[in-house]
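What follows is a single structure, written as structure tokens, with notes after it.
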Amino acid sequence: MMRIVGVHGVGNHDAAREPAEAAARLSRIWADALGGPHDLRVAYYAHHLKTRTGQSGADIDHLDPGAEQFVLAWGAALGAPAELAQGRATAPLRHLADWVARRFGLDSAAVRWFVAVFFAEVATYLAEAGDTDGTVRAAARDEVARTILEHEPQVVIAHSLGSIVAYEALHANPSLAVDLLVTVGSPLAMPDVVYPRLRPAALTGTRPAGVRRWVNIADVGDLVAIPRRLGGRFATDVDHEESVALFDFHRVRAYLAAARLREAIGS
């Protein structure tokens with residue numbers, strides 16, 4: 001039976017459960033979506049972030065300044081008009097989100113919510129100011145490393161923000177050996193937001209020392225996977241682009257059910 005560690009993305013803080021219970025619940029959800037006789041455990045780190053927006057009360061008009069700047073940089077990368085991608089002096093962030101929704105045929109309310117949650121959590125993890133000792137980032141990274149150490153997986157599947165945490169955790173712990181790293185919906189190479197803030201600083205064409213093989217999968221409609229191919233920045237073995245979930249971008253369930261992912265893990 002293949003042992004797998006999953007590393008979740010944004011929007012997974014479960015305030016109603018203790019971390020161990022939240023991890024067990026996510027593990028069941030991932031295992032059900034992936035199918036097959038796998039021994040799958042999700043590394044749960046969301047409780048370390050505890051973003052102010054949370055999962056249900058996300059508000060794109062009340063993001064912290066750092067998260068606001070990330071949203072604007074993301075909008076610019078998507079080709080948003082200058083008057084939308086230059087900040088509140090020209091237009092509220094919700095107008096940028098609405099432009100994205102119209103351009104890609106998505107629901108405006110859903111895009112606003114997702115943008116607020118995603119960039120609040122990414123900014124919390126990547127924050128420099130206000131977290132000078134790195135406690136939040138280190139705690140999330142150590143949680144992932146601990147789960148990998150305990151479960152000894154052959155495969156790590158890392159989604160969304162989880163691909164950032166997993167990448168840094170594996171770099172920080174080169175003795176952790178993983179046969180296959182699969183990143184899905186990954187923003188690792190996102191310019192002006194993620195890539196220049198990685199620790200250690202990303203070196204073109206590298207990968208964590210313990211990772212034998214790296215497969216990256218991005219939905220052609222995933223607005224977070226910018227750019228969709230990581231190979232120009234990182235030493236991936238394969239970069240797949242495919243249509244995973246029309247009009248429902250970035251969902252981990254869709255990625256776990258994708259033929260490319262199951263092919264990669266030999267399921």
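The values are calculated or read from the model by the stated rules, or taken from the named source; none is laboratory data. Computed from a predicted model, the values in this text were never measured in an experiment. Note that we place each Cβ from the backbone using ideal geometry, even for glycine, and neighbour counts take in every protein chain shown. Surface areas here come from the heavy atoms of the whole protein model, side chains and all, with no ligands, DNA or RNA. Shrake-Rupley method; radii C 1.70, N 1.55, O 1.52, S 1.80 Å.
Values as computed for the structure displayed
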item: Unmet requirement for residue 231, which otherwise passes all of (1) touching a His at 6+ places or on another chain (Cβ under 7 Å); (2) part of a loop (DSSP other than H, G, I, E, B); (3) more than 24 Å from residue 127 (Cβ to Cβ); result: (1)
item: Candidates 244, 211 - the one that is within 21 Å of residue 107 (Cβ to Cβ) and either open to solvent by less than 70 Å² (accessible area, probe 1.4 Å) or β-branched (Val, Ile, Thr) (or both); result: 244
item: Leading residue by the ranking (modelled with the lowest pLDDT) among those in the stretch 4-28 that are crowded, with 18+ Cβ neighbours inside 10 Å and either among the β-branched types (Val, Ile, Thr) or in a helix (DSSP H, G or I) (or both); result: 10
item: The stretch 178-204, residues that are farther than 17 Å from residue 231 by Cα and modelled with pLDDT of 95 or more; result: 178, 179
item: Meets criteria (in contact with a Lys or Arg (Cβ under 6 Å, 6 or more places away or on another chain), modelled with pLDDT of 90 or more and either on the phi < 0 side of the Ramachandran plot or outside any strand (DSSP E or B) (or both)) for residue 217; result: yes
item: Qualifying residues in the stretch 29-46 (those that are in a helix (DSSP H, G or I) and small (Gly, Ala, Ser)) - the one nearest to residue 121 (Cα to Cα); result: 46
item: Residue 188, sole failed condition from (1) outside any loop (DSSP other than H, G, I, E, B); (2) within 16 Å of the chain's Cα centre (by Cα); (3) hydrophobic (A, V, I, L, M, F, W, C); result: (1)
item: Sole exception among (1) modelled with pLDDT under 90; (2) open to solvent by 40 Å² or more (accessible area, probe 1.4 Å); (3) more than 26 Å from residue 244 (Cβ to Cβ) for residue 85, by number; result: (2)
item: Among the residues listed as 76, 67, 46, 97, the single one being crowded, with 20+ Cβ neighbours inside 10 Å, within 23 Å of residue 160 (Cα to Cα), modelled with pLDDT of 80 or more and more than 18 Å from the chain's Cα centre (by Cα); result: 97
item: Among residues of the stretch 109-143, those that are modelled with pLDDT of 90 or more and among the small types (Gly, Ala, Ser), counted; result: 6
